[in-house]
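Working notes, beginning with the structure itself.
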Ligand SMILES: *Cc1c(COP(=O)(O)O)cnc(C)c1O
């Protein structure tokens, strides 16, 4: 038996990667703090006393960050979407009635997962570029006898924030309907109080608000959600995502599957940095950085996609004349300025992330400069000096008032 020979000698990884790293200012993944990167380079035994201590701290810090002292925190080897699927496939059983608050690409993903779990999904679809009202959702909950309601806190795709998560989830709780909230880009970047808001499952990813690596994610279940999970008589068909099996690892020191050790160590450091900074200071840093950047972009002469109060600070959508111009601007930002931002899911916008390490002053100046210079290069009329001055002004004035309190 002969085996085919490789037709070429592969390049070394470090010959493929850019010699000067790109500044990651898109909708995720985001830059890693040094401690997180270091932790990610370590492997330890996936069970045993060292790991037990790490896990205990990850869970304890998770409770703080989810703002839910009585929640059950679990992790999953997988992207934010795996945490999403884990929440949905454990809470939703075949035949359940599920209400879906449709605000864009990621909320549609949640609805699709609920359908695959055998639920009957009613969709309330809102224009992704307009603020969605709470009233139709509350009304639908009252009329519908739902088992679960699905929503996204910050829709990264359309750069819109849902300010009604609290109102919707509290209403759902009063009706015995469990709420599942996607906080992949908002957890630790803006206020989301799982216990006070009566949310039953919150999901997040590593590589966005938490500034950890992609591929290891965290989720939290309320007491009510856990009771429903324990009462199920049919386990979810996804063995890896079965929350009761994951609970063995996360709460009983047993083996489920080999945990993503390095990623959990990275997550430990990411959470520790969040707790060290404290949530209020972190929210304030994100608000100040993002609003200063937004004002700088507008002062430069570019428009923002979403009106002020509904604008998602965690990911900012900047209007461009058409998709092709957007692509050329991004290409130049990347090749000339070494700044990477994201394209869109439809509307002609460029998306700039403001999550975790992205909210640092030096990154903001470099990104705004790259955006302005590249937009000008691609034929847009922009004033770089005005934009940069406005950014500087915003950052040095500090403390913008929170535009919407919730
Ligand atoms: C990025 C993102 C997801 C998906 O996360 P993956 O890690 O890509 O699976 C889900 N919801 C929101 C709001 C996101 O921003």
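Quick notes
- Positions within the stretch 86-144 being in a strand (DSSP E or B), touching a residue at least 40 places away in the same chain (Cβ under 8 Å) and closer than 29 Å to residue 309 by Cβ, in sequence order: 98, 99, 100, 101
- Residues being part of a loop (DSSP other than H, G, I, E, B) and within 16 Å of the ligand (Cβ to nearest atom) - total across the stretch 218-253: 3
- Filter result for the condition that a residue is at negative phi and either surrounded by 19 or more Cβ atoms within 10 Å (Cβ to Cβ) or modelled with pLDDT of 95 or more (or both), over 401, 389: 389
- Selection count, the stretch 278-322, where residues are part of a helix (DSSP H, G or I) and modelled with pLDDT of 95 or more: 22
- Any hit, the stretch 214-237, residues being within 24 Å of residue 364 (Cβ to Cβ) and at pLDDT 95 or above: yes
- Hey, residue 61 outside any strand (DSSP E or B) and either within 16 Å of the ligand (Cβ to nearest atom) or more than 19 Å from the chain's Cα centre (by Cα) (or both) or not: no
- Within the stretch 158-173, the residues that satisfy the criterion of being surrounded by 24 or more Cβ atoms within 10 Å (Cβ to Cβ) and assigned to a loop (DSSP other than H, G, I, E, B) are 158, 159, 162.
- The set of residues in the stretch 174-210 being without any contact (Cβ under 8 Å) to a residue 40 or more places away in the chain and either part of a strand (DSSP E or B) or within 13 Å of the ligand (Cβ to nearest atom) (or both) consists of 179, 181, 183.
- Complete set of residues in the stretch 97-125 that are more than 17 Å from residue 158 (Cβ to Cβ) and surrounded by 19 or more Cβ atoms within 10 Å (Cβ to Cβ): 98, 99, 113, 114, 117, 119, 121
- Leading residue by the ranking (farthest from residue 160 (Cα to Cα)) among those in the stretch 323-347 that are modelled with pLDDT of 95 or more and not in a helix (DSSP H, G or I): 338
- The single condition from (1) within 16 Å of the ligand (Cβ to nearest atom); (2) crowded, with 24+ Cβ neighbours inside 10 Å that residue 215 fails is (2).
- Test: residue in the stretch 132-153 that is more than 16 Å from the ligand (Cβ to nearest atom), within 28 Å of residue 319 (Cα to Cα), more than 19 Å from the chain's Cα centre (by Cα) and surrounded by fewer than 24 Cβ atoms within 10 Å (Cβ to Cβ): yes
The values are calculated or read from the model by the stated rules, or taken from the named source; none is laboratory data. Source: prediction; values computed, not measured. Reconstructed Cβ throughout: ideal geometry from the backbone, glycine too, with neighbour counts over all protein chains shown.
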